[in-house]
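Since the structure comes first, as structure tokens, the remarks are kept for the end.
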């Protein structure tokens, strides 16, 4: 086996859950092969670099070997190498650094008072940013 379809490869190495998900992502230009857009039928070869945009991160994989059947998670490193730069992986931690109001699980929706407190917190946060930029 010297070549395999791109959508089938991405499905086989568990980048996408289904082959149709992989094909849709490729058609929507979220997948690059060697820095160029591709079609789902594009043939993948050993040594190709595949970039997959899954918001907010762009994952990068190197094709080590070709496979046509779906592999178990423990076998995936034999077929592709994840070479995603650390700065891309750091984007996964960004949402944790934003404002988050913690509520106990199972307490239901916020009361009117709790909602006002949340709005006041958010309002203060956004107005402080505007004041720093010189806007009033």
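Values in this text are rule-based calculations from the coordinates and carry no lab data. All of these numbers come straight from a predicted model, not from anything done at the bench. Cβ sites come from the backbone with ideal geometry, for glycine too, and all protein chains shown count toward neighbours.
Tabulated data for the structure shown
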item	result
The range 4-84 pair-distance distribution - Cα-Cα, 5 Å bins, rounded %	3, 18, 31, 30, 15, 3
Protection-proxy order for peptides 108-117, 75-84, each taking the mean of Cβ atoms within 10 Å per residue, highest first	75-84, 108-117
Residue 116 paired with residue 41, simple spin-label distance in nm, labels 7 Å along Cα-to-beta-carbon	6.5 nm
Rel. contact order, % - alpha carbon contacts under 8 angstrom, at least six apart, the range 4-84	30 percent
